[in-house]
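Heads up, the thing below is written out as structure tokens.
The values are calculated or read from the model by the stated rules, or taken from the named source; none is laboratory data. No experiment lies behind these values; they were computed from the predicted model shown. Heads up, the Cβs are rebuilt from the backbone with ideal geometry, glycines too, and the neighbour counts pull from every protein chain shown. With ligands, DNA and RNA removed, areas are computed over all heavy atoms of the protein, side chains included. Shrake-Rupley method; radii C 1.70, N 1.55, O 1.52, S 1.80 Å.
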Amino acid sequence: MPEGHTVHRLASALTAGFGGRRVRTSSPQGRFPDAASIDGWVLAGAEAAGKQLLIAFTPEESVDVSDPVARWVRVHLGLYGSWTFAGEEGFALAHAIGAPRVRIGERETRQGGGSGAADGYDLHDAATEDWRRLVPRPTTRLRIAGPHGLADLTGPTACEILDAEGRAAVLERLGPDPLRQDADPDRFVERVRRSRTSIGVLLMNQEIIAGVGNIYRAEALFRARLDPFVPGKDLTAGTVRGIWDDLVPLMRYGARTGRIVTTEPEHREIEAVIQERTRATRQNGDDDPSVVPREQSFYTYHRQTLPCRLCGTAIRSTELAGRTVFWCPRCQTRRSRRASWTTEHPAAAWADPQDGQLR
Ligand SMILES: [Zn+2]
């Protein structure tokens, strides 16, 4: 399942590709008949809140999204959803987003070896193709077609039309999203510290913090040296705020590059031999020599039984709230409410993997 940074990238791609343009909307699969109700409207823009994607539509360009007539298509990709883009050269900033996938008829080839659907979206590089003639797959829940390209949605968990009230209700239910400018980190801190639930479970609860998935959970806990099983109420406000402050630059890096990289440069070469265990760890640009390779990108995620990059202890894994959590039993021992956050604050030391500069 894509984590929040991918959904933010999708929102940017949709806004770049269609924002302010009149579009045709349809449901080739037929399972989203409401697509007809916004067909021919203007796609005003798209936003992400955690893993929820909200695409705004107005009947005319002159109508603001604050007008009661505005509508939003809410999409949650879930485990199997993905977007496929095709269009003119530069459409939806395809080259900036990740490895494109070319679709020629029913034959697909990958460029750059990107993971495509594993990250929640595919990209056509259809500059040399006639994208207008691309026949949607029969499973296409929603097709959005604009003057410069199209986007096809397949396999989402949710795809529905909301009015302003419905959009507000979605945002209300979600915890703050580290990637949103309007996020209130205090809401996260307060909710965590009121709970007897373990921090490892709370981080995956979209009502507590929106957009964090299994990778960011495992990695943020390691970077904080926190025991995943410590109850939220046992943590200091400073510790919880520290997790937030660490996630913001990590997730911004993910939103900017499409890749999750959480390791400090000095820890990457320590143990680079890793077996690829699942497709879930594939990321866009995996075959690009200029990016941090996937086997060096994480401290604990899918590294169970491999030695910890810091202490050499075997990384452990177990089920926690239905998802596998990964941790180092030696490094991640912080439990006490008196534990000091100020020593070894990871965010202060985290360098951008692309340029090695402090962010
Ligand atoms: Zn360790």
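Within the stretch 207-224, the presence of a residue that is touching a strand residue (DSSP E or B) at 6+ places or on another chain (Cβ under 9 Å), at pLDDT 95 or above and open to solvent by 20 Å² or more (accessible area, probe 1.4 Å) is excluded. If you take the residues of the stretch 184-199 that are assigned to a loop (DSSP other than H, G, I, E, B) and in contact (Cβ under 8 Å) with a residue 24 or more places away in the chain, which of them is surrounded by the fewest Cβ atoms within 10 Å (Cβ to Cβ)? The selected residue is Arg196. Mind checking which residues of the stretch 299-316 are more than 9 Å from the ligand (Cβ to nearest atom) and in contact with a helix residue (DSSP H, G or I) (Cβ under 8 Å, 6 or more places away or on another chain)? Residues satisfying the conditions are Tyr301, His302. Looking across the stretch 312-328, the residues that are open to solvent by 50 Å² or more (accessible area, probe 1.4 Å) and in a loop (DSSP other than H, G, I, E, B) come down to Ala321, Gly322.
Go through the residues of the stretch 22-37 one by one and say whether even a single one is touching a helix residue (DSSP H, G or I) at 6+ places or on another chain (Cβ under 8 Å) and closer than 20 Å to Ala168 by Cα. For the stretch 22-37, residues touching a helix residue (DSSP H, G or I) at 6+ places or on another chain (Cβ under 8 Å) and closer than 20 Å to Ala168 by Cα: absent. When Ser37, Ser62, Ser12 are screened for being among the hydroxyl-bearing types (Ser, Thr, Tyr), open to solvent by 10 Å² or more (accessible area, probe 1.4 Å) and part of a loop (DSSP other than H, G, I, E, B), only Ser62 passes.
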